[in-house]
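Participant: My questions all concern the structure below.
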Amino acid sequence: MRDLKILTYDIETNGVNALYADLGFVTVFGYKWLHESKAHAFKVSDYPLFKKNIHSDKAVLTDAIAVMNQADVLIAHYGNKFDRPFLNGRFMLNGLNPPSPDIKQIDTCILSWKKFKFRSNHLKDLARNFGCENLKQEKGTGWPNWWHNSMRGDKKAISFMAQYCIHDVLALEEIALKMRPYWPKFLQTVHEECPTCKSENTQKRGFHNTITAQFQRYSCQDCGGW
């Protein structure tokens with residue numbers, strides 16, 4: 001069996017009202033494969049269509065779908081409530097087929113809300129509380145000017161948004177890995193090496209049964225992951 005392909009992602013939106021898919025659009029789609037060395041970002045200004053329509057996100061969404069379809073599991077912060085529904089709305093309005101419905105998604109915000117009793121489940125606060133090396137980037141004194149400038153097609157402002165998004169993706173991955181012992185049961189290790197810390201100090205702990213197969217369960221004795 002192969003390892004699960006896990007993708008962390010985040011989006012930056014813009015428009016008349018960036019909270020709604022019919023009033024806004026996706027300016028940046030940031031993503032990173034779990035344990036990959038770097039994060040990436042698709043931004044509207046990367047594509048030829050930008051010269052004709054600075055608010056068209058069809059090219060970004062097309063590439064985003066191609067990446068998402070390679071994943072077995074998606075991870076997003078507040079993704080079940082915002083990112084995924086917003087993307088679905090933009091897919092629909094652009095006449096694009098969505099990613100496969102078989103792809104599972106973990107929402108780290110909802111997971112934190114269910115498993116912990118924290119004062120705040122915001123990405124910034126979780127990263128700080130968990131002692132993450134990657135912290136959410138502050139918007140800085142230029143906010144909201146750079147956001148307004150990106151809506152007007154300023155490539156420098158859009159590049160700033162892309163870097164901001166990448167910082168969120170890096171923080172998200174680190175948060176997700178620290179929360180791994182609380183991940184849903186459908187995410188099982190498929191070999192004895194821990195996928196979180198790469199330790200081989202694991203112990204067999206029973207089995208997980210699905211309709212079609214049985215999987216050995218392992219518990220990492222170093223980081224506590226399953």
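Participant: Can you find a residue in segment 162-179 that is in a helix (DSSP H, G or I), more than 16 Å from the chain's Cα centre (by Cα) and modelled with pLDDT under 95? Can you show your working first?
Facilitator: Keep residues of segment 162-179 that are in a helix (DSSP H, G or I), which gives 162-178.
Adding the requirement that they be more than 16 Å from the chain's Cα centre (by Cα) leaves none.
Within segment 162-179, not a single residue is in a helix (DSSP H, G or I), more than 16 Å from the chain's Cα centre (by Cα) and modelled with pLDDT under 95.
Participant: In segment 1-22, how many are part of a strand (DSSP E or B) and in contact with a helix residue (DSSP H, G or I) (Cβ under 8 Å, 6 or more places away or on another chain)?
Facilitator: Residues meeting the conditions: 9.
Participant: Between a first residue in segment 213-225 that is more than 15 Å from residue 184 (Cα to Cα) and at pLDDT 80 or above and a second residue that is part of a loop (DSSP other than H, G, I, E, B) and open to solvent by 50 Å² or more (accessible area, probe 1.4 Å), which pairs have beta carbons less than 7 Å apart while being 6 or more apart in sequence or on different chains?
Facilitator: Close Cβ pairs (under 7 Å, with a partner that is part of a loop (DSSP other than H, G, I, E, B) and open to solvent by 50 Å² or more (accessible area, probe 1.4 Å)) amount to 220/197; 220/201; 221/201; 222/197; 222/201; 223/197.
Participant: Can you tell me which residue is surrounded by the fewest Cβ atoms within 10 Å (Cβ to Cβ) among those in segment 122-143 that are under 29 Å from residue 157 (Cβ atoms) and of a type in the set (S, T, N, Q)?
Facilitator: Per the stated criteria, the residue is 141.
Participant: Follow-up. When segment 89-112 is examined, which residues are found to be surrounded by 14 or more Cβ atoms within 10 Å (Cβ to Cβ) and not aliphatic (A, V, I, L, M)?
Facilitator: Within segment 89-112, 89, 90, 91, 94, 98, 99, 104, 105, 107, 108, 109, 112 qualify.
Participant: Any residue in segment 109-120 that is of a type in the set (D, E, K, R) and under 21 Å from residue 166 (Cα atoms)? Step through it out loud before you land on a result.
Facilitator: Taking segment 109-120 as the starting set, the residues that turn out to be of a type in the set (D, E, K, R) are 114-115, 117, 119.
Checking which are under 21 Å from residue 166 (Cα atoms) leaves us with none.
There is no residue in segment 109-120 that is of a type in the set (D, E, K, R) and under 21 Å from residue 166 (Cα atoms).
Participant: So which residues in segment 15-35 are modelled with pLDDT under 95, surrounded by 13 or more Cβ atoms within 10 Å (Cβ to Cβ) and within 23 Å of residue 122 (Cα to Cα)?
Facilitator: Once the filter is applied, which keeps residues that are modelled with pLDDT under 95, surrounded by 13 or more Cβ atoms within 10 Å (Cβ to Cβ) and within 23 Å of residue 122 (Cα to Cα), segment 15-35 yields 18, 34.
Participant: Follow-up question, since we're still on this one. Does at least one position in segment 63-73 carry a residue that is over 14 Å from the mean Cα position of the chain (by Cα), of a type in the set (A, V, I, L, M, F, W, C) and at pLDDT 95 or above?
Facilitator: Yes: segment 63-73 contains one or more residues that are over 14 Å from the mean Cα position of the chain (by Cα), of a type in the set (A, V, I, L, M, F, W, C) and at pLDDT 95 or above.
Participant: Please specify each residue of segment 80-95 satisfying the condition of being farther than 17 Å from residue 14 by Cα, assigned to a helix (DSSP H, G or I) and of a type outside the set (Lys, Arg).
Facilitator: Selection gives 80, 92.
Participant: Under 7 Å between Cβ atoms, at least 6 apart or on separate chains: pull out the pairs that start in segment 136-165 with a residue that is basic (Lys, Arg) and end on any residue that is surrounded by 11 or more Cβ atoms within 10 Å (Cβ to Cβ) and at pLDDT 90 or above.
Facilitator: So the pair list comes out as 136/123; 136/124; 136/127; 136/167; 136/168; 136/171; 155/45.
Participant: Testing residue 102 on (1) part of a helix (DSSP H, G or I); (2) of a type in the set (D, E, K, R); (3) more than 20 Å from residue 173 (Cβ to Cβ), one condition comes back false. Which one is that?
Facilitator: All conditions are met except number (1).
Participant: Additional query: So which pairs qualify, if the first residue must be in segment 71-91 and in contact (Cβ under 8 Å) with a residue 60 or more places away in the chain, the second must be aromatic (Phe, Trp, Tyr) and open to solvent by less than 10 Å² (accessible area, probe 1.4 Å), the Cβ gap must be under 6 Å, and the two must be at least 6 apart or on different chains?
Facilitator: Here the result reads 76/9, each pair linking segment 71-91 to a residue that is aromatic (Phe, Trp, Tyr) and open to solvent by less than 10 Å² (accessible area, probe 1.4 Å).
Participant: Something else: Go through segment 127-153 and count every residue that is at pLDDT 90 or above and under 15 Å from the mean Cα position of the chain (by Cα).
Facilitator: 1
The values are calculated or read from the model by the stated rules, or taken from the named source; none is laboratory data. Please read all numbers here as calculations on a predicted model, not as lab measurements. When we count neighbours, we look across all protein chains shown, and the Cβ atoms used for this are built from the backbone with ideal geometry, even at glycine. For accessibility, only protein heavy atoms count, side chains too; no ligands or nucleic acids. Shrake-Rupley method; radii C 1.70, N 1.55, O 1.52, S 1.80 Å.
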